[in-house]
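> One structure is given below, represented as structure tokens, and several questions about it will come after.
The values are calculated or read from the model by the stated rules, or taken from the named source; none is laboratory data. Quick caveat, the model's predicted, so the values are computed rather than measured. Please note: Cβ atoms are built from the backbone with ideal geometry, for glycine as well, and neighbour counts cover all protein chains shown. Surface accessibility is based on the protein's heavy atoms, side chains included, excluding ligands, DNA and RNA. Shrake-Rupley method; radii C 1.70, N 1.55, O 1.52, S 1.80 Å.
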Amino acid sequence: MSEIKLTINGLPCVGSAGETILQIAERYGIHIPTLCHKEEVQHYGACGLCVVENEGSPKLLRGCSTLATDGMAIQTEGARAVQARKIALELLMSDHDGDCVGPCRLACPAETDCQSYVKQVALGNTHEAVRIVKDKLPLPASIGHICPHPCEKECRRNLVEEPISIALIKRFMSMAELKKADRWQPERSAPTGKRVGVIGGGPAGLTAAYYLSLKGHDVTLTEQMPQMGGMLRYGIPQYRLPKDVLDAEIADIAAAGVRMENGVKIGRDISFADYRARFDAVVLAIGAWKSSPLGCPGETLDGVYGGIDFLRSVALHDPLPIGKNVAIVGGGNTAMDACRTAVRLGAENVYVIYRRTRAEMPAAADEIEEAIEEGVNFKFLTNPAELLGEDGKVKTVKLQVMELGEPDASGRRSPVPVEGKFEYLDVDCVIAAIGQKTDSTGIDAELNRRGNIVADACSFLTSLEGVFAVGDATNGGADIAIAAIGEANRAADVVDSYLHGALVPCKKPFVSQRYVTAADYADRERKPRVQIKNRDAQARRGDFEPVNTGFTAEEAMREASRCLECGCHDYEKCTLIRHANRYEIHPERFEGEKRRHDSEKRLVVIERDQGKCILCGLCVRVCNEVAGKGLLGLIGRGFGTVVKPEFRESAAIAGCADCRKCAEACPTGAMKLL
Amino acid sequence: MNARIVVGQGSCGLAAGAADVYSALAQLLDASAPATLGITGCIGLCYLEPIVDVYDAQGALHRCVRVKPEDAQRIVDAVRTQDYSLLGALLIEKEDEEFLTKQTRIALRHCGVIDPESIEDYIAHDGYQALEKVLKTMTPEQVIEEIKVSGLAGRGGAGFPTWFKWNAARSSAGEEKYLICNADEGDPGAFMDRAVLESDPHNLIEGMLIAAYAMGAQEAVVYVRAEYPLAIVRLTAAIDAAREHGYLGDHILGTDFSCSIRIKAGAGAFVCGEETALIESLEGSRGMPRLKPPFPAESGYWQKPSNINNVETFANVSWILLNGGTAFAAMGTENSKGTKVFAVTGKVRRGGLVEIPMGKTLRDVIFDIAGGIRDGREFKAVQLGGPSGGCVPAALLDTVIDYKNLSATGAIMGSGGMVVMDDTTCMVGIAKFFLEFTTKESCGKCVHCRIGTKRLSEILERIVSGNGREGDVELLEELCSSVKDGALCGLGQTAPNPILTTIRYFRNEYDAHIREKKCPAGQCKPLLTYAIDAEKCIGCGACARKCPVGAISGELKKPHSVDSEKCIRCGSCQSACRFGAVQVD
Amino acid sequence: MCECQKNKVDLMLLEPTLAEYAAVKGSLITILQHTQEIYGYIPTDAVYHIAERTGETPAKIMGVATFYSQFRFTAVGKYLILLCKGTACYVNGADRIAEAILDELGIRDGETTEDGLFSLSLVSCLGCCSLAPVMMINEKTYGSLTPDKVRQILRDLRKEAQQA
């Protein structure tokens, strides 16, 4: 066979007559993307991804089918070819109707694979479920107890009846696993010899340390408090998160190789400069531990505390004195934790002062509900105007009465004072739970106007070389724990790349999403969520025991089996999404009509989802050319073309048998083996 | 010699009522009549149909136009009395005659002259002489050389040298080879192939036989689009007649050359004008283009060497072989030889088929021959080349017609459709019209075309409905450029041309739609507002009575007004008003 | 006629076509064209029958039939109106003709009147551009249409059908 000499991306290559550009490139390890080409079937040329440039050719060539000729000078990643590919992928995605991942996973700031672990729970496999969740989250039991679960808000079951109880399922599976002796432990990569210091032992610090350690780095986690856990330990009350659960998970993190040093404060016990000198990289995860002041006259009186200061005192078993009448200012989760803790400490009258109404409260709905059950009084549409004291100690809160005005930037209606209208509330103490601030004393990284550490959103780099920052201490300030964990996990990848010599910023992957309405689920069986009972509110007032005991195994399986499994079964292997991410596409600019498609159609051993079909024709061609059956056909023309199986059931079943070649050839999740 | 009365019976003539005229004449002409009655095809004076050609005993032609059945008596009287002045106003006017006299007809030389249903008539007009000459005195190589000398290029649109394709097919290995005639004239606005098929089918057959001889094919197929039933009828009859006369079949004219021709009717898919899609369709499959290479010359119909030419290309062949390639090449420009047929339609005064030598200007065709814009309006653009072509503005009217010059404008020669537009045609609307066409006709195989044309249509749709966004023009340009680059076949690769040329020459119209939400041509309904000029309105109430949605109100004898919320912009009020009081903006 | 009988077609009518073309390769489109001429559309039963006789799979036959706009899968009216949507017709107001047909018959592209008399199909170009706007009804072409002219043609055809 005659020899052909050509260059591909400048690399001299040798092929033989009759070989395509793609075949030769592949042999030299140069990957030309394609969606519709497979060696066992004839060339088709539909997807337009394999286009390459040839010096001197006016047109792009399709690599899959163009035979190489002597002297060709091929460029596989030239600007023109890349643009054609990018547009092809954008066009395909603009007509692609499928969810790469479920909306739960998209809503989770740590991108935990909710659908997969929920499925494992449904199958009774908590071990595998924990393995999956720990890929993103090293504290699933703790987070399972306390997470305000943004995932559940997006759950598609909302369109049927109620969302899956994802948080309770996570709590169940992680607790079940924690009770086992042979619980799941990750593999740790070979040591890299690189040292990383992580400052702050809260959820962000623990997470960053855990994943960096698993990547083989020598990680030291430094904490100023006597124990690890940060706000999970010193901010979240015992009745929400039993500390033995946290202890067990921290122990697992230590077992993953993280060296832990407690009671070391930067600037007090060691200078930041000296600390940095010990490590190849430093991650700041120092949290936001300063309460925001009320900003009204009288706030310096005795008996006026910050919310997190109060909670910390309780966690340290040395509660600040609160008396019988307690006013908590604020409407967030810290305010709820403070008021319910005050109740449990024996306060007789606990008030929550909030300047808007219940509807606008940022706290989780069940927290508010449970606080009400436990006897907390809510003073909505009031705001402290002044704290009046006696002998230097707070005695009365002067409340400005408010009303709701126009919506503000956040979309919530903003409170406006009703002029001259005040109320008075006699109190023994006031707890200000209106926000938290960063205390970065001793650390010389650049801060923003709000006093938070400036960290790049994608690289987590601070103004200092080799110093990264994550969590509540950075940029926009405090958020929920799972958000800090997500940042820390992503930062671990970035720091790892940095330690290997080339920093790769994190990038939010492009995923395809379906837009659905209740009508799309009209045929689904209604299955209300599995309800669990809380302990009696009166009993709860008297102790710090958990409000409920969570799911039993049977309840968890039943609840988990409600999952609609929105995310694509093929996400990990999907060629389409892999290429889409490689070429950084923006299909939203071509948003338009999508092909109408029938709902899933079962054909013997496969299930087809027309919405995900990209009409590469592989299934049809494989069925014809490889299987020799011709049971699948293209129907219609142009934009509305669809793949359809032969419509006479009996013949199809006999012919289709279980060859499965079509589903195996499908480059997307449009075909699923049953 | 008897007088002859010949009724033009192409599709246009029939559509205009030629069949009724024919039967009216037939009723009046009995066996004793001093004239015979016959038919002919399409002469290309479509705007004057029905046309009746009266040849007197001396053979002089008296052409009657826009003939109605009731005019039959007058025609018969004129023939009977030999007083042709009786025809009076029926006779064609001088400037209409010039529509034909200013043309140079080669491909159409028999159209409207001979009886397409009579092989004898074709033979009487030098028919099959070229075939005889070729078969008896020339080698295939000599034939190809003659075509090479002529400079004939593919008239279907691509303009590829004909000799090269014939030679490539001839040089390909194998005994079994096919010749295919592409008569799937799909470009909306082009109908020259239909004219040849209906009016001069033997010329096509002769051209094909010469090509088959040259390339070495024993079997030929004509792929005719389903929308041309009359063409299929006439071509079928012509093939039968040619076979009976020994021009088709085994040992044609006693030589060793044998060839058969059959017809395949298309089933309605524009993409089958693309040669590889056409082959798929001939094989009974979905008309989805194949990847090239291999080219059909190497592996085409049933994977055998095949050559595909279009009807008009074949229609030139017998003339070239009879008159010599040099005579053909003497006409035209440096890079484009011979003549080209254009179907001139739209807002021109005289619409029809125009065959001119390459080298004339667009102005020559549109103004000199077709008489310019009708109704005293202004020329805005001419659309050339159908869905693959583009719109050329007034500033380029002096462009010399040849392949190269027309391509330089962003349009193409294409199959020769020339749709002329005046100031009432919206250029964004015309781009949308073509993109909707290509979206509908896309086979759906490749991504760039299947989804790309759909998205282009959608963006244009939002612009004409007043929802255009800043940046849409740039988005169109970006997508157009990728569709051209990435589409698999000619349909997709050229689909963006109508958008790109309208953006290039009429960007202001796009901007007006997007920024000012106005349609300068007053054509895009969602962007129009109807109002009544109080000065002109006399309060007759005619408009209010015609309004289908009750959007017009007012007291009798007082100026009325339009409620633009209710108005559906149907224009009924405007046509109802006799005082010009309804204003559209 | 009851529903069940309506859906049954006499497959024997296909025999002459199949006898001529079933064994000739590449004849699928021709067979489908004959099928449509016989039944007025492509009945599902005929597809299976053709599959059995030609050896093509039903999936392929349906693929071909749905690719070409000529083929229909439901019966059409006595008069099939092919309304030209070509460029010249578009420029000369084909939309107004479509509106007039909608107004007169209440049908749009692909629809049939309730009395089964008229069906409307929009086609790309009939090649009678100089007489635009144009339509073809059962192979007869009508040119230089105006909304009023179209209404008159349709009314005449309806009268003709009623008298028949």
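> Compute accessible area for segment A:86-114 by itself and then with all protein chains, 1.4 Å probe, and report residues whose area falls by 30 Å² or more.
A:ILE87, A:LEU91, A:LEU92
> Now for a separate question. Might you report the magnitude of the Cβ-based charge dipole of segment B:427-516 about its Cα centre, with Lys and Arg at +1 and Asp and Glu at -1, to the nearest 20 debye?
It comes to approximately 320 debye.
> According to the square roots a ≥ b ≥ c of the eigenvalues of the Cα gyration tensor, what is the shape class of segment A:62-139, taking rounded for a/c under 1.5, prolate for a/b larger than b/c otherwise, and oblate for the remainder?
Cα axes put segment A:62-139 in the prolate bin.
> To continue, here is another question. Compute the distance in nm between two label points, each set 7 Å from the Cα along the Cα-to-Cβ direction, one at B:VAL549 and one at B:ASP240.
With each label point 7 Å from Cα toward Cβ, the separation is 5.6 nm.
> Mind giving me the nanometre distance, one decimal, between the label points for B:GLN142 and A:ILE653, set 7 Å out from Cα along Cα→Cβ?
Simple spin-label model gives 7.1 nm for this pair.
> Separate question: With a 1.4 Å probe and all protein chains left in place, how much of the accessible area of chain A comes from carbon and sulfur atoms, in whole percent?
That fraction is 50 percent.
> First select every other residue whose beta carbon is under 15 angstrom from the beta carbon of B:ALA551; then total the charges, Lys and Arg +1, Asp and Glu -1.
Cβ neighbours under 15 Å give a net charge of +3.
> On to the next question. Enter the accessible area per residue of segment B:177-305 (Å², integer; probe 1.4 Å; all protein chains in place).
Result: 25 Å² per residue.
> Moving on to the next point. Relative to the first principal axis of the alpha-carbon coordinates of chain C, what is the inclination of helix C:147-163, with its axis defined by its Cα atoms, in degrees from 0 to 90 and to the nearest 10?
Around 50 degrees separate the two axes.
> Same structure, new question: Quick check on my link table: of B:LYS404/C:LYS140; A:LYS194/A:LYS265; A:LYS215/A:LYS265, which ones sit more than 31 Å apart, alpha carbon to alpha carbon?
B:LYS404/C:LYS140
> What FRET efficiency comes out for A:GLU187 versus A:LYS594 if R0 is 41 angstrom and r is the Cβ-Cβ distance? Round to the nearest 0.05.
The value I calculate is 0.45.
> At what distance in nm do the modelled label points of A:GLU525 and A:GLU406 sit from each other, each positioned 7 Å from its Cα along Cα→Cβ?
Reported label-point gap for A:GLU525 and A:GLU406 is 5.2 nm.
> Right, here's the next one. Relative contact order for chain C: what percent, with Cα pairs under 8 Å and sequence separation of 6 or more?
That works out to 18 percent.
> Now, a different point. Less than 16 Å from a label point 7 Å out along the Cα-to-Cβ axis of A:LYS180: which backbone N atoms in segment A:121-161 qualify, by residue?
Only A:121-135, A:140-141 pass the distance filter.
> Write down the accessible area per residue of segment B:3-93 in Å², having rolled a 1.4 Å probe over the full set of protein chains.
Ligands and nucleic acids excluded, the result is 39 Å² per residue.
> Oh, and also: Going by the alpha-carbon gyration tensor, a ≥ b ≥ c the square roots of its eigenvalues, is chain B rounded (a/c under 1.5) or, if a/c is not under 1.5, prolate (a/b greater than b/c) versus oblate?
Because a/c hits 1.5 or more and a/b fails to exceed b/c, chain B counts as oblate.
> Averaging sequence separations of C-alpha pairs under 8 Å and six or more residues apart, then dividing by the length of segment C:79-163, give the relative contact order as a whole percent.
36 percent
> Using the structure shown, list the pairs from A:LYS612/B:LYS484; C:LYS8/C:LYS78; B:LYS380/B:LYS445; A:LYS59/B:LYS518; B:LYS517/C:LYS149 with a Cα-Cα distance above 30 Å, or answer none.
B:LYS380/B:LYS445; A:LYS59/B:LYS518; B:LYS517/C:LYS149
> Counting only the backbone N, which residues of segment A:27-46 are under 19 Å from the spot 7 Å out from the Cα of A:LYS5 toward its beta-carbon?
A:28
> Where nothing but the Cβ of Lys and Arg (+1) and of Asp and Glu (-1) is charged, how large is the charge dipole of segment A:3-77 around its Cα centre, in debye to the nearest 20?
120 debye
> Another one. Which of the three applies to segment B:1-101, rounded, prolate or oblate, going by the alpha-carbon gyration tensor with a ≥ b ≥ c and a/c under 1.5 meaning rounded?
Oblate, since a/c reaches 1.5 and b/c is not below a/b.
> Quick one: if the Förster radius is 51 Å, what FRET efficiency do B:LYS102 and C:LEU102 give, using the C-beta to C-beta distance and rounding to 0.05?
So, using R0 = 51 Å, E works out to roughly 0.75.
> Would you mind calculating the relative contact order of segment A:444-511 from Cα pairs under 8 angstrom and at least 6 residues apart, reporting the percent as a whole number?
The value is 25 percent.
> For segment B:1-51 and segment C:55-127, what is the separation of their Cα centres, given in Å?
31 Å
> Here is a follow-up. Could you go through segment A:382-394 in sequence order and give the Karplus-derived ³J(HN,Hα) for each residue, using 6.51 cos²θ - 1.76 cosθ + 1.60 with θ = phi - 60°, rounded to whole Hz, and x for Gly and Pro?
Once rounded to whole Hz, the list reads 9, 8, x, 9, 6, 9, 9, x, 9, 6, x, 10, 5.
> Set the Förster distance to 30 Å, then compute FRET efficiency between B:ALA31 and C:LYS149 from the Cβ-Cβ distance, nearest 0.05.
FRET efficiency, B:ALA31 to C:LYS149: 0.20.
> Charges on Cβ only, +1 for Lys and Arg, -1 for Asp and Glu, centred on the Cα centroid of segment B:339-422; of B:ALA395, B:ALA408, B:ALA370, which one is farthest towards the dipole's positive end?
Positive-end residue among those listed: B:ALA370.
> I need the P(r) histogram for segment B:296-422: all alpha carbon pairs, bin width 5 Å from 0 out to the longest distance, whole percents.
2, 11, 18, 21, 17, 13, 9, 5, 3, 1, 0, 0
> Now for a separate question. Tell me which of A:ALA502, A:VAL418, C:PHE73 sits at the most positive position along the dipole axis of the protein assembly as shown, charges placed on C-beta atoms (Lys, Arg +1; Asp, Glu -1).
The residue sitting most towards the positive pole is A:VAL418.
> State the antiparallel share, in %, of DSSP beta bridges confined to segment A:292-436, rounding to the nearest 5.
50 percent
> Counting only helical runs of four or more DSSP H residues, what would the 222 nm mean residue ellipticity of the protein assembly as shown come to if each run contributes -39,500 (n - 2.57) and the total is spread over all its residues?
Rounded to the nearest 500, it is -10000 deg cm²/dmol.
> Another question, if that's okay. Provide the convex hull volume over Cα atoms per residue for the protein assembly as shown, in Å³.
Cα convex hull per residue, to the nearest whole number: 240 Å³.
> Quick check: the distance between the Cα centres of segment A:426-469 and segment A:96-145, to the nearest angstrom?
30 Å
> Would you grab the residues whose amide H sits under 5 Å from the one on A:ILE4? Only those 5+ places off in sequence or on another chain, please, with H modelled 1.01 Å from N.
A:GLY15, A:SER16, A:ALA17
> Could you let me know the centre-to-centre spacing of segment B:402-431 and segment B:315-353, using Cα atoms, in angstrom?
A separation of 19 Å, based on Cα centres.
> If you take the accessible area of C alone, add that of B alone, and subtract the area of the pair, what total do you get in Å², probe 1.4 Å, to the nearest 100?
3300 Å²
> Sticking with this one: Can you give me the solvent accessible area of B:ARG504 with a 1.4 Å probe, rounded to the nearest 10 Å²?
Accessible surface of B:ARG504 is approximately 130 Å².
> So, with a 1.4 angstrom probe, what is the percent of accessible area on segment C:20-164 that is carbon and sulfur?
46 percent
> Next question, about the same structure. Expected output is a single nm value to one decimal: the length gained when fully extending between B:ASP250 and B:ASP398, i.e. 0.36 nm times separation in residues minus the C-alpha distance. What is it?
Full extension of this stretch gives 48.2 nm more.
> Probe 1.4 Å, all protein chains in place: accessible area of B:TRP163 in Å², nearest 10?
Probe radius 1.4 Å; accessible area of B:TRP163 about 60 Å².
> Okay, next question. Give me the percent of DSSP beta bridges within chain A that run antiparallel, rounded to the nearest 5.
Here the share of antiparallel DSSP bridges comes out near 55 percent.
> In Å², nearest 100, what accessible area do chains A and B bury in total when the solvent probe is 1.4 Å?
Using a 1.4 Å probe, the pair buries roughly 2700 Å².
> May I ask you to rank C:LYS8, A:LYS527 by accessible area, largest first, using a 1.4 Å probe over the protein chains only?
C:LYS8, A:LYS527
> Considering only protein heavy atoms, with the full assembly of protein chains and a 1.4 angstrom probe, order A:GLU465, C:GLU160, A:GLU152 by accessible area, largest first.
Ranking A:GLU465, C:GLU160, A:GLU152 by accessible area, largest first, yields A:GLU465, C:GLU160, A:GLU152.
> Here is a follow-up. When you have a sec, figure out the Kirkwood radius of segment A:223-300 from all distinct Cα pair distances and drop it here in Å to one decimal?
15.2 Å
> Place a point 7 Å from Cα of A:ASP444 in the direction of its Cβ. Which residues in segment A:463-486 have their backbone N less than 19 Å from it?
Answer for this model: A:463-469.
> Hey, any idea what % of chain B's accessible area is carbon plus sulfur with a 1.4 Å probe?
The computed percentage sits at 50.
> Only bridges with both residues in the protein assembly as shown count here: give the DSSP antiparallel percent, nearest 5.
So the antiparallel bridges amount to about 55 percent of the total.
> A further question follows. Using a simple charge model, +1 on the beta-carbon of Lys and Arg, -1 on the beta-carbon of Asp and Glu, nothing else, what dipole does chain B show about its Cα centre, in debye to the nearest 20?
1620 debye
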